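What follows is calculated from the coordinates using simple rules that are stated; it is not laboratory data. Nothing here was measured: the structure is a model prediction, and the numbers come from that model. Neighbour counts run over all protein chains shown; Cβ positions are idealised from the backbone, glycine included.
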Amino acid sequence: MTDNCPNCPQQSVQPAAEYRGDTQVGHLYRCPGCGVTWSTNRDRQAYGEAA
Ligand SMILES: [Zn+2]
């Protein structure tokens, strides 16, 4: 799942890494435009996965 850079207009940044927890999935992103890094956590049910 791609995300938009929080620091510049770059969109659809591909995740550099993924972490799967019991109920959430975390993604680490690095913007190819400005180089900023950020991470997100999403509920696994948002992906349609069984918890
Ligand atoms: Zn950026």
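So what is the orientation-averaged projected area of the chain, using the convex hull of its C-alpha atoms, in nm²?
3.3
First select every other residue whose beta carbon is under 15 angstrom from the beta carbon of Val36; then total the charges, Lys and Arg +1, Asp and Glu -1.
Residues close to Val36 contribute a combined charge of 0.
Place a label point 7 angstrom from the Cα of Ser39 along the Cα-to-Cβ direction, then list the residues of region 1-29 whose backbone nitrogen is under 19 Å away.
Only 1-7, 13-29 pass the distance filter.
Expressed as a rounded percentage, what relative contact order does the chain have, with Cα pairs under 8 Å and six or more residues apart?
This gives 27 percent for the chain.
Measuring from label point to label point, each 7 Å out along Cα→Cβ, what is the Asn7 to Ala46 span in nm?
If labels sit at Asn7 and Ala46, their model points lie 2.1 nm apart.
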